[in-house]
Amino acid sequence: MAVILDGHVYADMALDSVAEKVKDLKKRGITPGLAVILVGEDPASQTYVRSKGRACDRVGIYSRTLILAADTTQAELEKQIDLLNRDERIDGILLQLPLPSHLDEQHALSCIAPEKDVDGFHALNAGRLMLSLDGVQPCTPKGILFMLKQAGIKIDGAHAVVVGRSNIVGKPAALMLMQENATITLCHSHTPDLKAQTLQADILVAAVGKPHLITEDMVKPGAAVVDVGINRVNGRLVGDVDFENVSKVAGYISPVPGGVGLMTVAMLMDNVVSLAETNHA
Ligand code: NAD
């Protein structure tokens, strides 16, 4: 049976360290601040925003949630972003995605000041990641790497297969694993024989959004399997990995819920603190 990569354990570890850094900043008169913008009333987004607020409370970060109506215009959204860009209490601005379909996500993200871009989604920060320069790293891939490293899983020299090429998870996860000296394969919806690729993986990251896409026969015995997917099936949350059966072959596996999702929030807290440290240096 696989070792469970328990998000509670690794997120607690990260949050304890963030709380220490917040204490140090407060001694210097600095309280890190996060603003979350939520447009509309998507229930899943509301849940994520609440969990981010709770994490801020736990580590001592000042937080503010701005809730905008579902029919907010692009101009109004960007005006609010601009106000937060100039707000001295705010070090990080998070635009909760997805936005309602009438809004231009990329354009709105480009309006967030790069030095307050807590998710690392601004083109400048994405470019810095591409060039292996220091900068804000997207929270979910950062959480995946934190978890793998803390669990003692060797990334250097491993073959990492990432399934999913989104800008927020798959693509940056592949880049970050490569920067840690893994050999990477990035699979997506046009990959002809997914199983042939996943079977090569020492580290397999599934970030697709299709329940139980990754089955037992697609996993190399002993591999570390990281499940990023969040899917709601009959009112229950399930990942992209068939946890019950894959855990019989994998060496390590992260559960859903209780895995990567918790790491994402913990890394968000870490990014707010890093931005506060840089912005007040
Ligand atoms: P997305 O919808 O933007 O992209 C999905 C990717 O999967 C695409 O690149 C597509 O090419 C690929 N894909 C689709 N069908 C495929 C198939 N049959 N085989 C191989 N690849 C296929 O996804 P996203 O925003 O990266 O989210 C992916 C999943 O991760 C979703 O379930 C989302 O809810 C979840 N997610 C979780 C967290 C977390 O913190 N745990 C964070 C972000 C996203």
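Along the Cα→Cβ direction, 7 angstrom out, place labels at K23 and E76. What is the inter-label distance in nm?
With each label placed 7 Å out from Cα toward Cβ, I get 4.4 nm.
Report the one residue of G92, T72, L109 whose Cα lies farthest in the direction of the positive end of the charge dipole of the stretch 30-114 (charges on C-beta: Lys and Arg +1, Asp and Glu -1; origin at the Cα centre).
Sorting the options by dipole projection puts first G92.
Under 15 Å from a label point 7 Å along Cα→Cβ of D156: give me every residue in the stretch 180-202 with its amide N that close.
Answer for this model: 180-183.
Loop-only trypsin sites (Lys or Arg not before Pro) in the stretch 133-177, please: DSSP not H, G, I, E or B, and at most 16 other Cβ atoms within 10 Å. Mind showing how you got there, number by number?
Working: sites: K142, K149, K154, R165; in loops: K154, R165.
Answer by residue number: K154.
Going 7 Å from the Cα of D87 along its beta-carbon direction, which residues of the stretch 53-70 have the amide nitrogen within less than 13 Å of the resulting point?
Counting backbone N atoms under 13 Å from the label point, the list is 62-68.
Give me the lysines in straight-line cross-link reach of K116: C-alpha distance below 21 Å, same-chain residues under 8 apart excluded.
Correct list for K116: K21, K23, K26, K52, K79, K142.
Given the protein chains as shown and a 1.4 Å probe, how many square angstrom of M267 are accessible, to the nearest 10?
About 10 Å², ignoring ligands and nucleic acids.
May I ask you to derive the relative contact order of the chain, considering only C-alpha pairs under 8 Å and at least 6 residues apart, and to give it as an integer percent? Let's see the in-between values first.
Details: 568 pairs, mean separation 64.6, N = 281.
Contact order relative to length: 23 percent.
Let me know the Kirkwood hydrodynamic radius for the chain, please, with Cα pairs as the basis and the value in Å to one decimal. Let's see the in-between values first.
Values: mean 1/r = 0.0519 Å⁻¹.
Over the chain, the inverse of the mean reciprocal pair distance is 19.3 Å.
Given the options D91, D193, D227, which has the most mean-square fluctuation in a GNM of the chain, springs set between C-alpha atoms less than 10 angstrom apart?
Top of the fluctuation ranking is D193.
Which three extents, in angstrom, do the Cα atoms of the stretch 30-114 have along their principal axes, listed largest first?
Projected onto the principal axes, the Cα atoms of the stretch 30-114 cover 36, 28, 17 Å.
For the chain, which DSSP H helices look membrane-span-like by this rule: Cα extent along the axis of 20 Å or more and mean Kyte-Doolittle of at least -1.0?
On the way: long enough: 7-27 (30 Å, -0.37); 43-59 (25 Å, -0.91); 260-279 (28 Å, 1.05).
Flagged H segments are 7-27, 43-59, 260-279.
If you rank M269, M13 by how much accessible surface each has, with a 1.4 Å probe, what is the order from largest down? Write down the numbers at each step before the final one.
Values: M269 0, M13 80 Å².
Of M269, M13, the descending order of accessible area is M13, M269.
At 1.4 Å probe size, what's the solvent-accessible area of V238? Round to the nearest 10 Å².
10
Using a probe of 1.4 angstrom, how much of the accessible area of the stretch 201-281 is carbon and sulfur, in percent? Before the final figure, lay out each step's value.
Values: 1660 of 3150 Å².
Carbon-and-sulfur percentage of accessible area, whole number: 53.
Would you mind getting the accessible area per residue of the chain, heavy atoms of the protein chains only, 1.4 Å probe, in Å²? Please list the in-between numbers first.
Numbers: 13130 Å² over 281 residues.
Per-residue value: 47 Å².
In the calculated pair distance distribution of the stretch 80-160, what percentage of Cα-Cα distances lie above 15 Å? It would help to have the intermediate numbers written out before the result.
Numbers: 2098 of 3240 pairs.
Summing the P(r) tail past 15 Å for the stretch 80-160 gives 65 percent.
Okay, helix-only estimate at 222 nm for the chain: each DSSP H run of n ≥ 4 adds -39500 (n - 2.57), divide by all residues, round to 500 deg cm²/dmol; what do you get? Kindly include the intermediate steps, with their values, before the conclusion.
Numbers: 10 runs with 115 residues, N = 281.
That calculation yields -12500 deg cm²/dmol at 222 nm.
Expressed in nm to one decimal, what extension gain is obtained for the pair H190 and H107 from 0.36 nm per residue of sequence separation less their Cα-Cα distance?
Details: separation 83, 0.36 × 83 = 29.88 nm, distance 2.71 nm.
Going from the current span to full extension adds 27.2 nm.
Quote to one decimal, in nm, the extra length available between Q200 and D57 on full extension: 0.36 nm per residue of separation minus the C-alpha distance between them.
On the way: separation 143, 0.36 × 143 = 51.48 nm, distance 4.21 nm.
Roughly 47.3 nm would be gained on extension.
Within the stretch 76-126, what whole-number % of the accessible surface is contributed by carbon and sulfur, with the 1.4 Å probe and all protein chains included in the calculation? All intermediate terms of the calculation are to be shown ahead of the outcome.
On the way: 1230 of 2360 Å².
Using a 1.4 Å probe with all protein chains present, the stretch 76-126 comes out at 52 percent carbon and sulfur.
Any idea what the dipole of the chain comes to, in debye rounded to 20, about its Cα centre with Lys/Arg Cβ at +1 and Asp/Glu Cβ at -1? Spell out each step's value before the answer.
Details: 26 positive and 33 negative charges, 85 e Å.
Its charge dipole is roughly 400 debye.
What order do E115, E41 take when sorted by accessible area (1.4 Å probe), most exposed first?
Working: E115 100, E41 150 Å².
Solvent-accessible surface, decreasing: E41, E115.
What distance in nm separates the two pseudo spin-label positions at N234 and A69, each 7 Å out from Cα along the beta-carbon direction?
Those two pseudo-labels are separated by 4.1 nm.
Can you say what percent of the DSSP beta bridges in the chain, counting only those with both residues inside, are antiparallel? Round to 5.
Numbers: 3 of 33 bridges.
Here the antiparallel bridges make up roughly 10 percent for the chain.
Extension gain M130-N167, at 0.36 nm per residue separation less the Cα-Cα distance, in nm? Walk me through the intermediate numbers first.
Numbers: separation 37, 0.36 × 37 = 13.32 nm, distance 1.17 nm.
Value of the extension gain: 12.2 nm.
The values are calculated or read from the model by the stated rules, or taken from the named source; none is laboratory data. Given the structure is predicted, the values throughout are model-derived calculations rather than measurements. Note: ideal-geometry Cβ built from the backbone for every residue, glycine included; neighbour counts use all protein chains shown. Accessible surface is based on the protein model in full, side chains and every heavy atom, while ligands, DNA and RNA are left aside. Shrake-Rupley method; radii C 1.70, N 1.55, O 1.52, S 1.80 Å.
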